[in-house]
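The values are calculated or read from the model by the stated rules, or taken from the named source; none is laboratory data. This one's a predicted model, so the numbers in the text were calculated from it and none came from an experiment. In this analysis, Cβ positions are derived from the backbone assuming ideal geometry, glycine residues included, and neighbour counts consider all displayed protein chains.
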Amino acid sequence: MNTKKVVLSFPPSTVEDPIIYHLIMDYGLMVNILRASIDAGKQGRVVAELKGDDNQLKNGANFLESKGVEIEPLTEEIRHIEEKCTSCTSCVPLCPTGALNVDRETWVVSHDADKCVVCLSCVDVCPYRAVTAHFQ
Amino acid sequence: MAKKKVSKTIDDINQRIREGKVVVVTADEMAGIVHAKGPEQAAREIDVVTTGTFAPMCSSGAFINFGPVQPAIKASSVSLNGVPAYAGLAAVDIYIGATEPAEDDPLNGVHPGQFKYGGGHVIHDLVAGKKVELRATAYGTDCYPNRSLKKRVALQELSSATLLNPRNAYQNYNCAVNLTSKTIYTYMGVLKPNCGNANYSTAGQLSPLLNDPLYMTLGLGSRIFLGGAVGYIIGPGTQHNPDVARADNGTPLSPAGTLMVMGNLKDMNPKWVAGVSMLGYGCSLAVGVGVPIPVLNADIARFTGVSDEELFTQIIDYGSDYPKGEAVSLGTVSYAQLKSGTVPFNGQDVPSVPLSSYVRALEIADLLKEWIEKGQFLLTQPVETLPAGKMGMA
């Protein structure tokens, strides 16, 4: 079982198709949508985590491409700016995966990119603007 | 033969500072010392205990004089980087408040508002050496004919700039939860529905007023660390209320004393006066405050030796009770419990976090300790200690 975080860009022609449904039902992929912005009739952009075996991921990717959906790997998503961070911990309870966590011995807040699902809950919550989102 | 009880004066301690003999520890360290050696011996060995706190403190702001201006102006409306300042003072005196949002801020028009820039950010930018745009308008008088002014100013060019915070360093504060079914956005941070998290805001055993719970050593004229520079307590802060229920160790079980503080903004460091944007709530200023407690006797040693296990606060519902102005305690919890990461409440373990930076609080206490040890910072005898309310009438 592999997991890939991807940014899917939907062309206008596909925006009203149930593409995610097909990914799940026809290709057996587990799809965790982290962020979605869709304008009916215009375009769509979905940040998602796709989970499946190599074949499922490959077939799913082929299906997406056949529909004209661009797939880009998601990298370097959330930046934790340590110089600005005061370790106030405001972000910690809102981080669903524990990627932003506080060491209860040192009281220093840190960000574990491997655990981050880019839900962006932390970005606006940070009083010091020490967490920023970057999509590549 | 029993040893004589310890009784020192601030002059004695200052003499030891000058001689390089002073013994200073942080309140964190003092907890262990008093626990191990008892208050009498701790008072014999330790001269000063340093405390610290760093958190958003909304009741903060700066008095600025931006004169002289040619031609002369009696400003009636002033903004700094688009943030309105209070100008109902003399010709070129203003007060910029920490929570004032920028004029064009959408506020909570799209909820929750982001409050990206406000008075706290202006103060931070000035301290960081950035120029800010000052705009002033006036109705014009015979002696002050100028009706408008627009210029970029830097902190060091201003004739004076004084941080004067009406209420800082609250002695204890609520632990906030949200019992409604919707996420709420408060000055205690974002509170998830159905008691999804518990936010508190204190440095606990490092917090200034929790180490002098009965206000025996602090008051008007106490020299302190403020925003990275030397500042002063200038009296009780607004809402100072000594008459609340207290534990046997004298510490209040709910919000009690507060400090009004001032210091020269020009001497401060941007690390310790930081602009804050609280989602859905507003702008503010995080302020670093560090207070030295002179260990004059065993009683004060005992007070400064307090630890998180012995400090308590109240759980308050910010979803329904607090907004109605009917905040009632839903339970008492110790700071040791809150710091552990979860608090038991209504049969669930609720994740708990401080909004106050313990890392920065500790850094302040360490810095102040260093200043005193190096002889750069002498203690002062307050002209008048903080009001002790009914406790002082015994």
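Can you name every residue in the stretch B:97-155 that is assigned to a strand (DSSP E or B) and of a type outside the set (A, V, I, L, M)?
Within the stretch B:97-155, B:Gly97, B:Pro101, B:Gly118, B:Glu133, B:Arg135, B:Thr137, B:Asn146, B:Ser148, B:Lys150, B:Lys151, B:Arg152 meet the criteria.
Confirm whether A:Val117 is at pLDDT 95 or above and surrounded by 19 or more Cβ atoms within 10 Å (Cβ to Cβ).
no
Among the residues of the stretch B:305-357, write down those that are surrounded by fewer than 23 Cβ atoms within 10 Å (Cβ to Cβ), of a type in the set (S, T, N, Q) and either within 14 Å of chain A (Cβ to nearest Cβ) or under 24 Å from the mean Cα position of the chain (by Cα) (or both).
Once the filter is applied, which keeps residues that are surrounded by fewer than 23 Cβ atoms within 10 Å (Cβ to Cβ), of a type in the set (S, T, N, Q) and either within 14 Å of chain A (Cβ to nearest Cβ) or under 24 Å from the mean Cα position of the chain (by Cα) (or both), the stretch B:305-357 yields B:Ser307, B:Gln314, B:Ser329, B:Thr332, B:Ser334, B:Gln337, B:Ser340, B:Thr342, B:Gln348.
If A:Asp114 satisfies every condition in (1) farther than 20 Å from B:Ala286 by Cβ; (2) in contact with a Gly (Cβ under 8 Å, 6 or more places away or on another chain) but one, which is the exception?
For A:Asp114, the failing item is (2).
Please report, ordered by residue number, the strands (runs of 3 or more DSSP E) entirely within the stretch A:32-121 with at least 3 residues that are touching a Leu at 6+ places or on another chain (Cβ under 7 Å) and in contact (Cβ under 8 Å) with a residue 40 or more places away in the chain.
Output list reads A:43-52.
For the stretch B:10-26, does any single residue satisfy the condition of being under 30 Å from B:Ala286 (Cβ atoms), without any contact (Cβ under 8 Å) to a residue 24 or more places away in the chain and touching a strand residue (DSSP E or B) at 6+ places or on another chain (Cβ under 6 Å)?
no
Within the stretch B:358-384, can you find the residues that are more than 25 Å from B:Ala55 (Cα to Cα) and either within 14 Å of chain A (Cβ to nearest Cβ) or of a type in the set (D, E, K, R) (or both)?
Correct list: B:Glu373, B:Lys374, B:Glu384.
Check A:Val69 against each of (1) surrounded by 12 or more Cβ atoms within 10 Å (Cβ to Cβ); (2) assigned by TED's automatic domain parsing to the domain that holds A:His111; (3) of a type outside the set (Phe, Trp, Tyr) and name the one condition it does not meet.
(2)
Quick test of your reading of the structure: A:Asp124 fulfils all but one of (1) more than 10 Å from every other protein chain (Cβ to nearest Cβ); (2) touching a Pro at 6+ places or on another chain (Cβ under 8 Å). Name the failing condition by number.
Only one criterion is unmet by A:Asp124, namely (1).
Please go through the stretch B:159-191 and pick out each residue that is within 14 Å of another protein chain (Cβ to nearest Cβ) and either assigned to a strand (DSSP E or B) or in contact with a helix residue (DSSP H, G or I) (Cβ under 7 Å, 6 or more places away or on another chain) (or both).
Residues satisfying the conditions are B:Cys175, B:Ala176, B:Val177, B:Ile184, B:Tyr185, B:Thr186, B:Gly189, B:Val190, B:Leu191.
Search the stretch B:212-248 for residues being part of a loop (DSSP other than H, G, I, E, B) and under 14 Å from the mean Cα position of the chain (by Cα), and hand back the single one that is surrounded by the most Cβ atoms within 10 Å (Cβ to Cβ).
B:Gly227
Okay, residues lined up against (1) within 11 Å of another protein chain (Cβ to nearest Cβ); (2) on the phi < 0 side of the Ramachandran plot:
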{"position": "A:Ile78", "(1), (2)": "no, yes"}
{"position": "A:Cys85", "(1), (2)": "yes, yes"}
{"position": "A:Cys95", "(1), (2)": "yes, yes"}
{"position": "A:Trp107", "(1), (2)": "yes, no"}
{"position": "A:Ala113", "(1), (2)": "no, yes"}
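Which one of these is under 30 Å from B:Val306 (Cβ atoms) and outside the structural domain of B:Val230 (by TED's automatic domain parsing): B:Ala98, B:Ala102?
B:Ala98
Provide a single number: the residues in the stretch B:254-304 that are farther than 30 Å from B:Ile33 by Cα, within 14 Å of chain A (Cβ to nearest Cβ) and of a type outside the set (A, V, I, L, M).
Looking only at that region, the number is 10.
How do the pairs read when you match residues in the stretch B:342-358 that are under 30 Å from B:Val276 (Cα atoms) and among the β-branched types (Val, Ile, Thr) with residues anywhere that are in a loop (DSSP other than H, G, I, E, B) and modelled with pLDDT of 95 or more, using Cβ under 6 Å and keeping only pairs 6 or more apart or on different chains?
Partner pairs satisfying both residue conditions: B:Val350/B:Cys195; B:Val353/A:Thr89.
Take the residues in the stretch B:1-36 that are touching a helix residue (DSSP H, G or I) at 6+ places or on another chain (Cβ under 7 Å) and over 19 Å from B:Ala365 (Cα atoms), then tell me which one is surrounded by the most Cβ atoms within 10 Å (Cβ to Cβ).
Selected residue: B:Val6.
Of B:Leu214, B:Leu218, B:Leu253, which residue is closer than 11 Å to B:Asn172 by Cβ and in the same structural domain as B:Val25 (by TED's automatic domain parsing)?
Answer to the selection: B:Leu253.
Scan (1) surrounded by fewer than 21 Cβ atoms within 10 Å (Cβ to Cβ); (2) within 14 Å of another protein chain (Cβ to nearest Cβ); (3) in contact with a Pro (Cβ under 7 Å, 6 or more places away or on another chain); (4) not basic (Lys, Arg) for the single condition B:Phe115 breaks and write down its number.
(1)
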